[in-house]
Amino acid sequence: LTPEQREAVMSPDRRLLIRATAGSGKTHVLTLRLQRRIAAGELDPDQVLVMTFTRKAGDELRRRLFRASIRDVRAGTFHRAALTLVNEFRRDNDLSPVVLETSRRKLVAALVDQLREGGDAHVEDWQIPRLELEIGWALSQGLNGAQYAKVARRSRRDAPLAPALFADVLDRYVGLLRSRGVLDFDLLLAEAITVLREDPASSHRFVTARVPCSSTRPRT
C-alpha cells in the first residue's frame, strides 16, 4: 500500500472521501478497510451495505470481499438498493411496486414526436441523444423545469435547446413517465431520497436480511 492508501485503511474516521483515478486501488482500499473494521469489532458485517455504480464493479467487489473471508456484507448497485428501498416502502403503504423504464431514448423520441405533432418545438433527430443526456443531467441534479431554466441561464449552460424550451421538455418528460406509471433510473434515486427524508427509519431496509442485494458469494 502507498502511504495514502494505508492512511485510508487505518483511519478511525467514520466518513472518508477518497478521490482517485480508475485503477488506482480504491476497491482494494475499501476491501481492506472493511476487513480491518470488522475484525476490530467496529462494524457488524450484516449491517453493512456497499454500493457501486455498475454491476461489473459490484461483482468485482463481491469477489474481493469473499476472498477476504468477509461473508455477510451486502453489495449492489445504487439503483438496486434504491429499488429495494422504494418497493419495501410502497409495499408497507399498500402501493404498487415500481415499474422501471430502462430506455430513456425511447421515451425522449416519443416526447419529440409529441412536440412535433403539436407544433410546440422543432427538434431534429440528431438532437435526441443530446436531449437524453441533458435530461439525465437535470434529473441527477434534482431539478424541475423552472429550476433548470434558472441554472442554465445563470451558468450559461451549453444546452441542446433554449433554457425555457428545454425546461418545458423536462417537465413533459417527467409527466410522461408519471402518466405511464413508470420511473427511470434517475427518478428512482430521487424517490429513494424522498423516502429516506420522509421516513428515516426506512433506512434499515438497506441492511436487513430482507434486502435482495447480492451476497458476497461470487458467481460460479
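When we screen ASP158, ASP199, ASP171 for residues that are surrounded by 13 or more Cβ atoms within 10 Å (Cβ to Cβ) and either more than 20 Å from the chain's Cα centre (by Cα) or modelled with pLDDT of 90 or more (or both), the only hit is ASP171. State whether the residues of region 21-29 include one that is among the aliphatic types (A, V, I, L, M), in contact (Cβ under 8 Å) with a residue 12 or more places away in the chain, crowded, with 18+ Cβ neighbours inside 10 Å and under 29 Å from LEU139 (Cα atoms). No, every residue in region 21-29 fails to be among the aliphatic types (A, V, I, L, M), in contact (Cβ under 8 Å) with a residue 12 or more places away in the chain, crowded, with 18+ Cβ neighbours inside 10 Å and under 29 Å from LEU139 (Cα atoms).
Kindly state which helices (runs of 4 or more DSSP H) lie completely within region 1-70 and contain at least 3 residues that are closer than 21 Å to THR84 by Cβ and within 24 Å of the chain's Cα centre (by Cα). Correct list: 55-67. Evaluated against (1) in contact (Cβ under 8 Å) with a residue 12 or more places away in the chain; (2) closer than 25 Å to LEU187 by Cα, ARG91 falls short on exactly one condition, (1). Note on region 70-120: among residues that are touching a Gly at 6+ places or on another chain (Cβ under 7 Å) and among the β-branched types (Val, Ile, Thr), the one that is farthest from GLN35 (Cα to Cα) is VAL99.
Here is a yes/no grid of residues against (1) modelled with pLDDT under 85; (2) within 25 Å of ASP199 (Cβ to Cβ):
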| position | (1), (2) |
| --- | --- |
| ALA20 | no, no |
| LYS26 | no, no |
| LEU49 | yes, yes |
| ARG55 | yes, no |
| ARG62 | yes, no |
| ALA68 | yes, no |
| VAL73 | yes, yes |
| HIS79 | no, yes |
| VAL86 | no, yes |
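Could you check region 88-114 and list, in sequence order, the residues that are within 19 Å of ARG197 (Cα to Cα) and surrounded by 15 or more Cβ atoms within 10 Å (Cβ to Cβ)? Listed by number, the residues that qualify are GLU88, PHE89, ARG90, VAL98. Do any residues in region 110-128 that are closer than 14 Å to ARG172 by Cα have Cβ atoms under 7 Å from those of residues that are surrounded by 10 or more Cβ atoms within 10 Å (Cβ to Cβ) and small (Gly, Ala, Ser), where the two are at least six apart or on different chains, and which pairs are they? Matching pairs, first to second residue: LEU115/ALA121.
ALA159 meets each of the listed conditions (1) assigned to a helix (DSSP H, G or I); (2) of a type in the set (Gly, Ala, Ser); (3) not assigned by TED's automatic domain parsing to the domain that holds ARG62 apart from (1). Give the residue that is farthest from VAL174 (Cα to Cα), with candidates limited to residues of region 94-109 that are touching a residue at least 40 places away in the same chain (Cβ under 8 Å) and not in a helix (DSSP H, G or I). Out of the qualifying residues, it is SER96. State whether one or more residues within region 63-78 are on the phi < 0 side of the Ramachandran plot, surrounded by fewer than 19 Cβ atoms within 10 Å (Cβ to Cβ) and in contact with a strand residue (DSSP E or B) (Cβ under 8 Å, 6 or more places away or on another chain). Yes, that holds for at least one residue.
The values are calculated or read from the model by the stated rules, or taken from the named source; none is laboratory data. Fair warning: this is a prediction, and the values are worked out from it, not measured in the lab. Heads up, the Cβs are rebuilt from the backbone with ideal geometry, glycines too, and the neighbour counts pull from every protein chain shown.
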